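A short write-up of the structure that comes next.
The values are calculated or read from the model by the stated rules, or taken from the named source; none is laboratory data. Note that the structure is predicted; figures quoted are calculated from it, not measured. Quick reminder, even Gly has a Cβ in these numbers, built from the backbone with ideal geometry, and neighbours come from all protein chains shown. The area values use the complete protein model at the heavy-atom level, side chains included, leaving out ligands, DNA and RNA. Shrake-Rupley method; radii C 1.70, N 1.55, O 1.52, S 1.80 Å.
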Amino acid sequence: GLSGKELRSTRRRMQMIFQDPLSSLDPRQNVESIIAEGIEAHGLASGRDGARKRIVELLDAVGLPSSALRRYPHEFSGGQRQRIGIARALAVEPDLVVADEPVSALDVSVQAQVVTLLEELQRQLGLTFLVIAHDLAVVRHISETVGVMYLGALVEEAGSDELYAQPLHPYTRALMSAVPVPDPEVEDRRERILLTGDLPSPANPPTGCRFHTRCPWRQPTRCDTERPEMRELMAGHKVACHWAEDISDLKLHPKSADEVAAEQGVYVASTGGLDAGQLLDSGRDQAATNF
Ligand code: SF4
């Protein structure tokens with residue numbers, strides 16, 4: 001464990017941005033006192049005037065006017081509140097900012113603005129962001145490196161462009177195949193990998209490969225009994241799947257959702273499997289990313 005002092009300095013170096021800005025901001029504090037807290041706790045400005053000057057700079061950095069100082073969280077829109085949350089995180093000059101679903105609670109029209117702001121801040125301040133998100137478009141946009149998690153464990157890790165161009169893990173393939181393509185011709189030919197069955201409990205994951213109960217490429221018996229390690233198949237591209245090479249070389253072919261269901265003894269409605277929305281909104285499958 002860390003001592004009190006170490007914990008304090010670690011906390012300062014690592015800050016969080018939360019999914020729901022309203023519930024993460026104290027409704028009884030105005031913006032000035034919300035942001036001042038961290039600055040004062042870590043002695044980062046001298047006196048009230050110094051702190052206020054710093055807060056105005058931070059508000060400016062996140063695109064809010066200095067008139068925001070005296071206002072309260074409920075007086076702002078969702079996107080503005082997320083900007084306040086970002087300013088609060090930046091106030092203590094962190095090295096790493098962990099953003100847990102930073103835009104998923106915002107209107108789609110506002111999401112892009114907040115993503116752009118995060119990118120600008122990352123460039124200007126040399127920050128590292130660790131972004132946890134389900135929305136693959138957001139992940140792709142803001143990440144240099146993407147790690148894909150299934151049931152709380154990393155199953156694939158690669159540079160963002162590489163991962164989207166050549167997903168290797170069956171779960172990543174299924175996630176990618178659920179994302180619609182804007183080009184209608186490509187969209188028509190797009191291969192969709194439907195997953196079947198319920199998501200098992202992360203507290204009690206399946207034996208062998210965690211994904212074997214839903215994997216269209218599952219092979220007897222290794223997938224059921226032997227936990228695949230992360231292996232680096234290409235420079236900077238790691239995957240935890242026993243059969244990744246054969247799947248990639250098309251030596252193995254995926255079973256349909258119905259076949260997987262029959263093998264696992266689960267019933268699938270005639271429309272088959274999960275649709276993209278369900279898959280991405282399940283709230284439990286996770287893609288963690290950083291850049
Ligand atoms: S190890 Fe087997 S079950 Fe797991 S992802 Fe690879 S093919 Fe599927």
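Considering only residues of segment 86-102 that are of a type outside the set (Val, Ile, Thr) and open to solvent by less than 20 Å² (accessible area, probe 1.4 Å), which is farthest from ILE34 (Cα to Cα)? Step through it out loud before you land on a result.
First pass over segment 86-102, keeping only residues of a type outside the set (Val, Ile, Thr): 87-91, 93-96, 99-102.
Those left that are additionally open to solvent by less than 20 Å² (accessible area, probe 1.4 Å): 87, 89-91, 94, 99, 101-102.
Numbers: ALA87: 10, ALA89: 10, LEU90: 12, ALA91: 10, PRO94: 17, ALA99: 18, GLU101: 21, PRO102: 18 Å.
In this case the residue turns out to be GLU101.
How many of the residues in segment 37-59 are open to solvent by 80 Å² or more (accessible area, probe 1.4 Å) and under 19 Å from GLN15 (Cα atoms)? So that I can check it myself, show each step before the final result.
We begin by selecting, within segment 37-59, every residue open to solvent by 80 Å² or more (accessible area, probe 1.4 Å); these are 37, 40, 46, 48-49, 52-53, 57.
Now restrict to residues that are under 19 Å from GLN15 (Cα atoms): 37, 40, 57.
Qualifying residue count, segment 37-59: 3.
Tell me whether segment 134-157 contains one or more residues that are of a type in the set (Lys, Arg) and at pLDDT below 90.
Step one: of segment 134-157, the residues of a type in the set (Lys, Arg) are 140.
Those left that are additionally at pLDDT below 90: 140.
Checking segment 134-157: at least one residue is of a type in the set (Lys, Arg) and at pLDDT below 90.
Checking the conditions here, which among GLU226, GLU232 is more than 19 Å from GLY152 (Cα to Cα), free of Cβ contacts under 8 Å to residues at least 60 places away in the same chain, charged (D, E, K, R) and open to solvent by 40 Å² or more (accessible area, probe 1.4 Å)? If you could, list the steps in order and put the result at the bottom.
Working: GLU226 fails: more than 19 Å from GLY152 (Cα to Cα).
It is GLU232.
With ARG83, ARG70 as the choices, which residue is open to solvent by 30 Å² or more (accessible area, probe 1.4 Å), outside the structural domain of LEU168 (by TED's automatic domain parsing) and over 25 Å from the mean Cα position of the chain (by Cα)?
Details: ARG83 fails: over 25 Å from the mean Cα position of the chain (by Cα).
Answer to the selection: ARG70.
Can you tell me which residue is nearest to the ligand (Cβ to nearest atom) among those in segment 234-262 that are touching a helix residue (DSSP H, G or I) at 6+ places or on another chain (Cβ under 6 Å) and more than 20 Å from ARG192 (Cβ to Cβ)? Walk me through it before giving the result.
As a first pass, look at segment 234-262 and keep what is touching a helix residue (DSSP H, G or I) at 6+ places or on another chain (Cβ under 6 Å): 237, 242, 252.
Cutting the leftovers down to more than 20 Å from ARG192 (Cβ to Cβ) gives us 237, 242.
On the way: HIS237: 15, HIS242: 4 Å.
Among residues in segment 234-262 that are touching a helix residue (DSSP H, G or I) at 6+ places or on another chain (Cβ under 6 Å) and more than 20 Å from ARG192 (Cβ to Cβ), the one nearest to the ligand (Cβ to nearest atom) is HIS242.
Could you run through segment 12-27 and say how many residues are open to solvent by 60 Å² or more (accessible area, probe 1.4 Å) and touching a residue at least 40 places away in the same chain (Cβ under 8 Å)?
Applying the first criterion (open to solvent by 60 Å² or more (accessible area, probe 1.4 Å)) to segment 12-27 yields 12-14, 16, 18-20, 22-23, 27.
This time we only want the ones that are touching a residue at least 40 places away in the same chain (Cβ under 8 Å), so: 12-14, 16, 18-20, 22, 27.
The total comes to 9.
From ALA89, ALA45, ALA61, grab the single residue that is over 26 Å from VAL103 (Cβ atoms) and either hydrophobic (A, V, I, L, M, F, W, C) or modelled with pLDDT under 95 (or both).
On the way: ALA89 fails: over 26 Å from VAL103 (Cβ atoms); ALA61 fails: over 26 Å from VAL103 (Cβ atoms).
Exactly one of ALA89, ALA45, ALA61 is over 26 Å from VAL103 (Cβ atoms) and either hydrophobic (A, V, I, L, M, F, W, C) or modelled with pLDDT under 95 (or both), namely ALA45.
For residues in segment 195-212 being touching a helix residue (DSSP H, G or I) at 6+ places or on another chain (Cβ under 6 Å) and in contact (Cβ under 8 Å) with a residue 40 or more places away in the chain, which is nearest to the ligand (Cβ to nearest atom)? Write out each step before concluding.
The initial filter retains those residues of segment 195-212 that are touching a helix residue (DSSP H, G or I) at 6+ places or on another chain (Cβ under 6 Å), namely 195-197, 208-209, 211-212.
This time we only want the ones that are in contact (Cβ under 8 Å) with a residue 40 or more places away in the chain, so: 195-197, 211.
On the way: LEU195: 11, THR196: 13, GLY197: 12, PHE211: 5 Å.
Per the criteria, the residue is PHE211.
Restricting to segment 1-45, what's the tally of residues that are closer than 23 Å to TYR72 by Cα and in a helix (DSSP H, G or I)?
Looking only at that region, the number is 15.
If you scan segment 191-226, which residues turn out to be under 15 Å from PRO170 (Cβ atoms) and charged (D, E, K, R)?
GLU191, ARG192, ARG210, ARG214, ARG218, ARG222, ASP224
Starting from residues that are in contact with a strand residue (DSSP E or B) (Cβ under 8 Å, 6 or more places away or on another chain) and closer than 24 Å to ALA262 by Cβ, keep the ones in segment 164-194 and report whichever is farthest from the ligand (Cβ to nearest atom).
So, considering only residues that are in contact with a strand residue (DSSP E or B) (Cβ under 8 Å, 6 or more places away or on another chain) and closer than 24 Å to ALA262 by Cβ, the one farthest from the ligand (Cβ to nearest atom) is LEU175.
Given the conditions (1) at pLDDT 80 or above; (2) within 30 Å of VAL103 (Cβ to Cβ); (3) within 16 Å of the ligand (Cβ to nearest atom), and given that GLY273 satisfies all but one, which numbered condition is not satisfied?
If we test GLY273 against (1) at pLDDT 80 or above; (2) within 30 Å of VAL103 (Cβ to Cβ); (3) within 16 Å of the ligand (Cβ to nearest atom), just (1) comes out false.
Can you give me the number of residues within segment 235-247 that are surrounded by 17 or more Cβ atoms within 10 Å (Cβ to Cβ) and more than 22 Å from the chain's Cα centre (by Cα)? Working first, answer last.
Applying the first criterion (surrounded by 17 or more Cβ atoms within 10 Å (Cβ to Cβ)) to segment 235-247 yields 237-244, 247.
From what is left, the residues that are more than 22 Å from the chain's Cα centre (by Cα) are 242-244, 247.
Final tally of qualifying residues: 4.
State which residue is nearest to LEU199 (Cα to Cα) when the search covers only segment 215-233 and only residues that are touching a helix residue (DSSP H, G or I) at 6+ places or on another chain (Cβ under 7 Å) and near the ligand (Cβ under 9 Å from one of its atoms). Show your work before the answer.
Filtering segment 215-233 down to residues touching a helix residue (DSSP H, G or I) at 6+ places or on another chain (Cβ under 7 Å) leaves 215-217, 233.
Add one more test, that the residue is near the ligand (Cβ under 9 Å from one of its atoms), and what stays is 215-217.
Values: CYS215: 12, PRO216: 14, TRP217: 17 Å.
The extreme case among them is CYS215.
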